[in-house]
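Data first, discussion second: the structure below is written as structure tokens.
No value in this document is a laboratory result; all are computed from the given coordinates. Given the structure is predicted, the values throughout are model-derived calculations rather than measurements. Glycine also receives a Cβ, built like all others from the backbone with ideal geometry; neighbour counts cover every protein chain displayed.
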Amino acid sequence: MRTQAQTTEPDARARGTPDIDWPSGESIGRWRVVAPLGCGGTAEVWHAVAADGLKAALKVAKRELRTHPEASAPIRHEHDVLRRVASSHLVEPYELLTSRGVAVSALEYLPHGDLVSMLGMPARQWLPAFRVVVAALADLERHGLAHGDLKARNVLFAGDGTARLVDLAYARPLDAPAVVTTAAYGMPAGSRATARDADRFALAVLLFELTTGRLPYGPNGAVGGSPGLPSLPVRDGPEALLGEAAVTVLRAEGRIGGLSYFADVIESVRGAYG
């Protein structure tokens, strides 16, 4: 990021383009913006702190999108979903604000990285986080919703080490047509899947990835067809059971009895660990 422009330079807002430093260093409501945390396809996330010391992640449309009339719609949609579902397994929404004409969502600050760091590790290390993901999807389903972009990078860890499912911008009704948002986790083209099926397929991709350390269909996913699954590593114990469960759901293209299938497998593996 560049430093703040001198007053002799043309004001970016006057030119009708986003200020590339905003909201760095500003206060939005009770939040003082400290530093950028990351940037996705449509949004930026900033670290912010309130006067009482509470930390937050402020989510706002990416700077190049802010002048578009619908730029704030995904931010508002995500906040609405989080408030309605009110799940302890999802990132907590603090408040929705407006600054410089765009929506800013203040969310729970999750400082300890994402699930990518655990890919391929022994199951006992990541199984609690995966259990949270299954529970989060179940909470969403009880409200008639699918997540829409399930992947390892959308599972973050709070200060106490517990996991949260994040990024609800693509949440949609369970029976809506599936939409591929991240190719590596997407269903095969022409599968006529629902959003519910797509969530469960992505969950199986994630389980395969956690168990083996690699994606079942590679970074381009199964969207170009249904390539054969790679062989699972030869191993015994809990990892073998988890890997086989992932393959079963992938072959069924997400059309299984329900999330209870994953929950049952998790409980079986937890029992193996004593």
Between the alpha carbon centres of the stretch 78-112 and the stretch 143-195 the gap in Å comes to 17 Å
Quick calc: nm separation of the 7 Å Cα→Cβ label points for residue 192 and residue 255 -> 0.8 nm
Any idea how far apart residue 76 and residue 240 come out in nm if each label point goes 7 Å out from Cα toward Cβ? 5.5 nm
Relative contact order [Cα under 8 Å, 6+ residues apart], the chain, whole percent: 13 percent
Going by alpha carbons, how many degrees (0 to 90, nearest 10) lie between the helix axis of 195-212 and the longest principal axis of the chain? 70 degrees
Given the chain, longest segment not containing exposed loop trypsin sites (Lys or Arg not before Pro) (DSSP; at most 15 other Cβ within 10 Å): 101-191
Helix-only [θ]222 nm of the chain, DSSP H runs n ≥ 4, -39500 (n - 2.57) each, per residue, nearest 500: -9500 deg cm²/dmol
List the equivalent ellipsoid semi-axes of the stretch 115-272 in whole Å, largest first, each obtained as the square root of 5λ for an eigenvalue λ of the Cα gyration tensor. 22, 19, 14
What percentages make up the Cα-Cα pair-distance distribution of the stretch 76-197 when the bins are 10 Å wide from 0? 13, 41, 34, 11, 1
Computed over the stretch 98-155, the Cα gyration tensor eigenvalues, each multiplied by 5 and square-rooted, give semi-axes in Å (largest first) of 26, 18, 9
What spacing in nm lies between the two simple spin-label points modelled at residue 100 and residue 50, each 7 Å away from Cα in the Cβ direction? 2.4 nm
How much net charge surrounds residue 119 when only the other residues with a Cβ under 14 Å from the Cβ of residue 119 are counted, with Lys and Arg +1 and Asp and Glu -1? 0
How high is the FRET efficiency from residue 42 to residue 174, r the C-beta distance, R0 30 Å, rounded to 0.05? 0.85
Helix 238-251: angle to the longest alpha-carbon principal axis of the chain, degrees 0 to 90, nearest 10? 80 degrees
Taking a ≥ b ≥ c as the square roots of the eigenvalues of the Cα gyration tensor of the stretch 27-108, is the shape rounded (a/c under 1.5), prolate (a/b larger than b/c) or oblate? oblate
Between (i) 16.0; (ii) 14.4; (iii) 12.8, the structure-derived mean projected area of the Cα convex hull in nm² is (i)
